[in-house]
Amino acid sequence: MKASCFLFVCSVAVDAQTPNVVKYHATINDVKYVYGPATPVAHLKAGDTIETNTLDAFGNVLKKPGDKLSAVKGDNPLTGPFYVDGAQPGDTLAVKILDLQVDGNQGVGAFAPGFGALNETSYTPMLHSPLPEKIWYYPIDKASNTATFKALDSNFSVKIPLHPFFGCIGVAPAGGEARSSVVPAEFGGNMDAPEASAGNTVYLPVNVPGALLYLGDGHAAMGDGEVAGTAIEVSLLARIQVSVIKGKRINWPRFENDNSIMAVGAYRPLDDALRIAFTELVDWIHKDYGLSSLDAYELLSKVAKIHLDEMVDPNYVVVASIEKKFLPAKKK
């Protein structure tokens, strides 16, 4: 059965027969633009699966040549929040991404004022004028699993393989804060991490009762660093499963799959983001795999990998990882 069918067409009677599956459909009228306290759109139990959609970073309003960024209501509209019963501060929320599908036949990329690694921003002011507004449209061919880049100033085009992922996945911050959907930080948020893709589990610190999980900013593909400020921005159809690890506190988001463990650092300058990611990875290896912190530090110096996810948001994001084949057996 196609994703669009199982997400939006199935009847309430079917839901009643499968109480472990929660279906939700987001529209521009009920999305959020901050991570923080809000009335939940649904309550979940540990082990439940969510089937939902997300809007693209522009709220699905950029459709054709001539459309303008001024029509965008807000950046990175978020689906949620989802309240996870039993999740309490000091726990860890585990979000297993089961499936992500591009919802539509076109993606969007754009120069946006104040974004981009090679453009002036509020953090890097310059005397020159910002780059002019430009919008690219990317036809998506689901049969070949590609999107097509078409140059605006020539006839060049090239196909790009699809790798759908959540640009935004996070929970409500601690202390009653509300943080912009543009920001990545300790609560997750706008990490623009290709690691947030099908087959991976995202671990997030629980800061408030119910965690309050938000999703959004779908990407069909993105280069390392997201240097011009956008990926191939798309809507997504998503299927994820949530669980709660009681009494285990993490300080920053993490990712895991069958082959690797991955720790996130989100800050400026870039070297501090890297230090956060590696400090978290050392601590993870020490606590869960039994190596001393110094042995873990030495081992990482020999086999670790670094992924610069993005350097355009208010905080930059680095993911440090190690393949499990280099680690001892995980502690019971």
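The values are calculated or read from the model by the stated rules, or taken from the named source; none is laboratory data. This structure is a prediction, so every number in the text was calculated from the model and none was measured. When we count neighbours, we look across all protein chains shown, and the Cβ atoms used for this are built from the backbone with ideal geometry, even at glycine. These area figures cover heavy atoms from the full protein model, side chains too; ligands, DNA and RNA do not enter into them. Shrake-Rupley method; radii C 1.70, N 1.55, O 1.52, S 1.80 Å.
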Of the candidates 221, 228, the one satisfying the condition of being part of a loop (DSSP other than H, G, I, E, B), in contact (Cβ under 8 Å) with a residue 24 or more places away in the chain and open to solvent by 30 Å² or more (accessible area, probe 1.4 Å) is 228
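Just the residues that are in a loop (DSSP other than H, G, I, E, B), β-branched (Val, Ile, Thr) and out of contact with any Leu (no Cβ under 8 Å at 6 or more places or on another chain), please, taken from segment 174-218.
Hits for segment 174-218 are 182, 183, 208.
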Residue 182 meets each of (1) open to solvent by 30 Å² or more (accessible area, probe 1.4 Å); (2) over 21 Å from residue 93 (Cβ atoms) with one exception, condition (1)
Residue 311 meets each of (1) touching a residue at least 12 places away in the same chain (Cβ under 8 Å); (2) open to solvent by 40 Å² or more (accessible area, probe 1.4 Å); (3) closer than 26 Å to residue 93 by Cβ with one exception, condition (3)
When (1) farther than 24 Å from residue 236 by Cβ; (2) at pLDDT 95 or above; (3) open to solvent by less than 60 Å² (accessible area, probe 1.4 Å) are applied to residue 81, the one that fails is (1)
Restricting segment 30-56 to residues that are in contact with a Phe, Trp or Tyr (Cβ under 7 Å, 6 or more places away or on another chain) and not charged (D, E, K, R), the one nearest to residue 171 (Cα to Cα) turns out to be 35
**Prompt:** Looking at segment 258-279, is at least one residue under 26 Å from residue 50 (Cβ atoms) and open to solvent by 30 Å² or more (accessible area, probe 1.4 Å)?
**Reply:** yes
Checked against (1) surrounded by fewer than 22 Cβ atoms within 10 Å (Cβ to Cβ); (2) in contact with a Leu (Cβ under 9 Å, 6 or more places away or on another chain); (3) more than 27 Å from residue 270 (Cβ to Cβ), residue 157 satisfies every condition except (2)
- Regarding residue 46, is this residue in contact (Cβ under 8 Å) with a residue 60 or more places away in the chain, touching an Asp or Glu at 6+ places or on another chain (Cβ under 8 Å) and open to solvent by 60 Å² or more (accessible area, probe 1.4 Å)? yes
For residue 240, the lone unmet condition from (1) closer than 26 Å to residue 210 by Cβ; (2) aliphatic (A, V, I, L, M); (3) exposed (fewer than 14 other Cβ atoms within 10 Å of the Cβ) is (3)
All-but-one check, residue 130 against (1) open to solvent by 60 Å² or more (accessible area, probe 1.4 Å); (2) within 23 Å of the chain's Cα centre (by Cα), failing number (2)
Problem - Flag for residue 68 being closer than 21 Å to residue 182 by Cβ, in contact with a strand residue (DSSP E or B) (Cβ under 9 Å, 6 or more places away or on another chain) and either in contact (Cβ under 8 Å) with a residue 40 or more places away in the chain or among the hydroxyl-bearing types (Ser, Thr, Tyr) (or both) - result: yes
Would you confirm whether any residue within segment 95-103 is surrounded by fewer than 16 Cβ atoms within 10 Å (Cβ to Cβ) and in contact with a Pro (Cβ under 8 Å, 6 or more places away or on another chain)?
-> no
